[in-house]
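Chemist: The structure follows.
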Amino acid sequence: MRKKLSDKFSKAWKSSTKAAKQRKYRANAPLHIKHKFMSVHLSKELKEKFNTRSLTPKKGDKIKVVRGSNKGKIGKINTINLKKSKIFVEGVEVVKKDGNKALIPIDPSNVVLIEYDTGDKMRKKIIERKKKNKKEQK
């Protein structure tokens, strides 16, 4: 199916108050911008440690669900779907009629990062850059 001209992503979008335009912006955004939408809030301990409010999640991070029917469940991130902007957590699953278990997709706004994967060099650079930017703003 061909995309209409109106379905294309526009960089000129300036935070419209119309909810439909906001949904369209998020749905048609390219993956490098959708990656920024995937930010997850940090727990109180990590907020104090890193002096920042949120980070992008990665596979292997430990997460706690704070909203929805799975509230309170804790598990490691199994996969991240950027196209649908969903996170799949190992401890959060549903049993299907045939007995198989399936992971439930969770929106990143409904989770809190409890423990992060420490072996990631890129994340250390990101955290350092955020700390530096916070100091410059003050």
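Chemist: For Asp117, which of the numbered conditions (1) more than 17 Å from the chain's Cα centre (by Cα); (2) of a type in the set (Asp, Glu); (3) modelled with pLDDT under 90 fails to hold?
Modeler: Result: Asp117 passes all but (1).
Chemist: Of the numbered conditions (1) surrounded by 12 or more Cβ atoms within 10 Å (Cβ to Cβ); (2) assigned to a strand (DSSP E or B); (3) among the hydrophobic types (A, V, I, L, M, F, W, C), Trp13 fails exactly one; give the number of that condition.
Modeler: (2)
Chemist: Here is a follow-up. Could we say that Ile77 is farther than 21 Å from Lys49 by Cα and in contact with a helix residue (DSSP H, G or I) (Cβ under 9 Å, 6 or more places away or on another chain) here?
Modeler: Considered against the rule, which asks whether it is farther than 21 Å from Lys49 by Cα and in contact with a helix residue (DSSP H, G or I) (Cβ under 9 Å, 6 or more places away or on another chain), Ile77 comes out as no.
Chemist: Which one is surrounded by the most Cβ atoms within 10 Å (Cβ to Cβ), of the residues in region 48-61 that are more than 13 Å from the chain's Cα centre (by Cα) and closer than 18 Å to Asp117 by Cβ?
Modeler: Phe50
Chemist: Okay, moving on. Evaluate the following for Ser16: is it of a type in the set (Gly, Ala, Ser) and at pLDDT 90 or above?
Modeler: No; evaluated as a whole, the condition is false for this residue.
Chemist: Here's a check for you: in region 62-99, which residue that is small (Gly, Ala, Ser) and part of a strand (DSSP E or B) is least open to solvent (accessible area, probe 1.4 Å)?
Modeler: If we take residues in region 62-99 being small (Gly, Ala, Ser) and part of a strand (DSSP E or B), then Gly75 is least open to solvent (accessible area, probe 1.4 Å).
Chemist: Quick one: count up the residues across region 120-138 that are among the acidic types (Asp, Glu) and at pLDDT 75 or above.
Modeler: Of the residues in that region, 2 qualify.
Chemist: Starting from residues that are farther than 22 Å from Lys34 by Cβ and among the aliphatic types (A, V, I, L, M), keep the ones in region 100-138 and report whichever is surrounded by the fewest Cβ atoms within 10 Å (Cβ to Cβ).
Modeler: Here the answer is Ala102.
Chemist: Which condition from (1) open to solvent by less than 80 Å² (accessible area, probe 1.4 Å); (2) at negative phi; (3) within 17 Å of the chain's Cα centre (by Cα); (4) not charged (D, E, K, R) is the one that Leu31 breaks?
Modeler: (1)
The values are calculated or read from the model by the stated rules, or taken from the named source; none is laboratory data. In this text, all values refer to a predicted model and were calculated from it rather than measured experimentally. Cβ sites come from the backbone with ideal geometry, for glycine too, and all protein chains shown count toward neighbours. Surface accessibility is based on the protein's heavy atoms, side chains included, excluding ligands, DNA and RNA. Shrake-Rupley method; radii C 1.70, N 1.55, O 1.52, S 1.80 Å.
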